[in-house]
Structures are given as C-alpha cells and as structure tokens.
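The structure under discussion appears below in the form of structure tokens.
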C-alpha cells in the first residue's frame, strides 16, 4: 500500500462522497501549497502577496454585494412601479416641497456659518483658516506692488523714448 503523505499519491473520491479527507500533511492542496510558497519567500514579498490577496478577496466580496444590491433594487423597482405610478400625484409635490425645504435650510446654514466666521475674523478672534486668508492677502498685496513698480519703470522708459523722438 502506498504512503498517504507521498506527493505522487492523490486520493480520488467519487462526487458526493461523505468521506472526510485524511488529516495530516496534505501537500497537494492548492491553498496549502500557495501559503507554504508565501512563507518560503522573503517577508517583504510575503507581505505584498498577502496584501494583494486581501485586496482581491475584498474586491470580490464588494463586487458580489454590489451585484446583489443592484439586482435587489431593480427587482424592487419593477415590483413597486405600479404603486409608484398610481401615487405619483402625491410623491411629486412632496419631493418638490422636501427639496425646497432642504435647499433653503442649507443656504441659511451656510450663510450663518460664513457670517459667523467673518465676524470672528474681523473682531480678531482668529477663526480656523484665518492664517491662510492673511497669507493670501499679503501675497496679493505684494504682487500688486511688484506690478505697480514694474509698470512705473516700464512706462517711464517709454516716456523717455517718446519724448526723445518728438
């Protein structure tokens, strides 16, 4: 009888068999050989391969969940489409009302936030981001001063040229 742990011997089982595989060192299993190969590599390669394996598994699971979600949404939309069409005289004005309310509330909130920030900035309370505003203001002022100086020198030279040729 052949040795069960020898790599040349592969135990064949019929389809649907309930016989448990032998415990021990199963060298021919693809996952076991892949993991053994990972362990034999350097730690850096092993870490990279495990990371790649984790990414593939995560992406596969997310792709499966996305497919289930989209399929459920489409089937639910098809099933509830008659109810949606019949009740549309209620849903459309309700949608417009909710959208309008949320828009107005968002604009009011953002306006209040901006006004509060400006009040604190002009009172000298140094709100978040005031250093960036001060830096931008100084850069704009410096650039304007350089342009003014350059334009003064440029036009002064042009005036001399125009006056000497007259």
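Points worth noting:
- Selection within the stretch 112-133 - surrounded by 11 or more Cβ atoms within 10 Å (Cβ to Cβ) and not in a loop (DSSP other than H, G, I, E, B): 116, 117, 118, 119, 120, 121, 130, 133
- Condition check for residue 107: within 30 Å of the chain's Cα centre (by Cα), assigned to a helix (DSSP H, G or I) and free of Cβ contacts under 8 Å to residues at least 12 places away in the same chain: yes
Every number in this text was worked out from the coordinates using simple rules, so none of it is lab data. Because the structure is predicted, anything quoted here is derived from the model rather than measured. For neighbour counting, all protein chains shown are included, and Cβ atoms are generated from backbone atoms with ideal geometry for every residue, glycine included.
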